[in-house]
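For reference, the structure is listed below as structure tokens.
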Amino acid sequence: MRYIISQRSLGRQPLTPLSICVALLCCRHFSSTATTATVSALKTVVITGSTRTEGPPRPILGPRVARYICSSLESRGHVVSAVLDPSSLLLLEKPHFAYSKRQVPPKLQEMADALEAADCYVAITPEYNHAPSPGLINILNHFGSSLFSFKPSAIVSYSAGQWGGTRAAHALRPILSELGCLPVSAMIHVPQAQDVFDEQGNFIVVGDEQQQWDAYTDRCLSQLEWWGEAARQHKQRVDPFQVSPAFTKSPTQRNAP
Ligand SMILES: Cc1cc2nc3c(=O)[nH]c(=O)nc-3n(C[C@H](O)[C@H](O)[C@H](O)COP(=O)(O)O)c2cc1C
């Protein structure tokens, strides 16, 4: 797993290739369902939204949810190619596409390269005042839609309260759609995330509840897989930018006549 800029979002050491292999061998789905086995590993960029370093409110929940989602992706045989941490970018001053190629700051270029190489995305947001994390949106705003488009995304939200960040999740949908990485219909909402996952992203809940969480997560990730694989295969036959070119000068290039 590659972490862009900061590892704070997960608070753990990068996985080694060996540990990824172990994850594949131990996966709960990869060999158990025929449909999953036909999908080859998707390069997934996870974009996190938690920027808090201190409470209250306590605890800080973002890293727990992100760890669970990353390990769920890995256990399905996918590669988390980067985890983007919003605290590694300042508020938007100049987006990636506004720089001349040779002057892009290296950190920004590293993120852009990861986003461009991805097959799909997972956006993980807390709910702050019924809205998605401004840090997550700040990351998205730094990059043009050509990096994201024609690839699917999945939305994960969480909160300390009973609604699991659903309002934030819904507000994120049009933003991801505008970037061209259409969100799959199933979302993952985690209410009272402090009672579901420990700091390592392992379950606190026991027994049937764990399976229920895994099944709920799988519904969303299997949709992401389906679309991710479909998009990847179709791109080999039809270049999406040939049929729908990215605008090169200004958004007015897509105006109605
Ligand atoms: C500024 C702020 C606004 C919040 N607004 C909401 C909210 O609208 N809905 C909700 O369920 N929880 C809200 N909470 C509580 C969060 O769900 C909880 O603090 C959660 O841990 C935030 O994620 P984080 O720990 O990754 O920052 C808010 C917390 C903060 C700090």
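Does residue 193 fit the bill of being within 16 Å of residue 68 (Cβ to Cβ) and hydrophobic (A, V, I, L, M, F, W, C)? Working first, answer last.
On the way: within 16 Å of residue 68 (Cβ to Cβ): yes; hydrophobic (A, V, I, L, M, F, W, C): yes.
For residue 193, the condition - within 16 Å of residue 68 (Cβ to Cβ) and hydrophobic (A, V, I, L, M, F, W, C) - is met.
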Over segment 81-118, the set of residues within 16 Å of residue 181 (Cβ to Cβ) and open to solvent by less than 60 Å² (accessible area, probe 1.4 Å) is 81, 82, 84, 96, 111, 112, 114, 115, 117, 118
For residue 180, state whether it is near the ligand (Cβ under 10 Å from one of its atoms) and modelled with pLDDT of 95 or more.
-> no
Those residues of segment 212-250 that are more than 15 Å from residue 149 (Cα to Cα), modelled with pLDDT under 95 and open to solvent by less than 100 Å² (accessible area, probe 1.4 Å) come to a total of 1
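Can you pull out the residues in segment 174-221 that are charged (D, E, K, R) and part of a helix (DSSP H, G or I)? Break it down into steps so the answer makes sense when it comes.
Quick first cut of segment 174-221, residues charged (D, E, K, R) only: 178, 195, 198-199, 208-209, 214, 218-219.
Across segment 174-221, the qualifying residues are 178, 195, 208, 209, 214, 218, 219.
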In segment 66-91, anything in contact with a Cys (Cβ under 6 Å, 6 or more places away or on another chain) and hydroxyl-bearing (Ser, Thr, Tyr) is listed as 75
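Matching residues to (1) closer than 26 Å to residue 115 by Cα; (2) open to solvent by less than 10 Å² (accessible area, probe 1.4 Å):
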residue: 164; (1), (2): no, yes
residue: 177; (1), (2): yes, no
residue: 185; (1), (2): yes, no
residue: 194; (1), (2): no, no
residue: 210; (1), (2): no, no
For segment 192-215, pairs from a residue that is within 15 Å of residue 60 (Cβ to Cβ) and in contact (Cβ under 8 Å) with a residue 12 or more places away in the chain to a residue that is among the β-branched types (Val, Ile, Thr) and within 14 Å of the ligand (Cβ to nearest atom), with Cβ under 9 Å and 6 or more apart or across chains, are 193/65; 196/65; 196/190; 197/65; 197/190; 201/65; 201/69
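Among the residues that make up segment 156-166, is at least one of them outside any loop (DSSP other than H, G, I, E, B) and either away from the ligand (no atom under 16 Å from the Cβ) or more than 15 Å from the chain's Cα centre (by Cα) (or both)? Full working, then the answer.
Looking only at segment 156-166, we keep the residues that are outside any loop (DSSP other than H, G, I, E, B), and these are 156-158, 166.
Subsequent filtering for residues that are either away from the ligand (no atom under 16 Å from the Cβ) or more than 15 Å from the chain's Cα centre (by Cα) (or both) retains 166.
Taking every residue of segment 156-166 in turn, at least one turns out to be outside any loop (DSSP other than H, G, I, E, B) and either away from the ligand (no atom under 16 Å from the Cβ) or more than 15 Å from the chain's Cα centre (by Cα) (or both).
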When (1) assigned to a helix (DSSP H, G or I); (2) in contact with a Pro (Cβ under 9 Å, 6 or more places away or on another chain) are applied to residue 241, the one that fails is (2)
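Take the conditions away from the ligand (no atom under 16 Å from the Cβ), surrounded by 13 or more Cβ atoms within 10 Å (Cβ to Cβ) and at pLDDT below 95 and apply them to residue 18. Does it pass? It would help to see each step written out before you state the result.
Working: away from the ligand (no atom under 16 Å from the Cβ): yes; surrounded by 13 or more Cβ atoms within 10 Å (Cβ to Cβ): no; at pLDDT below 95: yes.
Considered against the rule, which asks whether it is away from the ligand (no atom under 16 Å from the Cβ), surrounded by 13 or more Cβ atoms within 10 Å (Cβ to Cβ) and at pLDDT below 95, residue 18 comes out as no.
The values are calculated or read from the model by the stated rules, or taken from the named source; none is laboratory data. The shown structure was predicted, so the numbers you read here are calculated from the model rather than taken from an experiment. Glycine gets a Cβ as well: all are built from the backbone with ideal geometry, and neighbour counts include every protein chain shown. We work out accessible area using only protein heavy atoms, side chains counted, and drop any ligands, DNA or RNA first. Shrake-Rupley method; radii C 1.70, N 1.55, O 1.52, S 1.80 Å.
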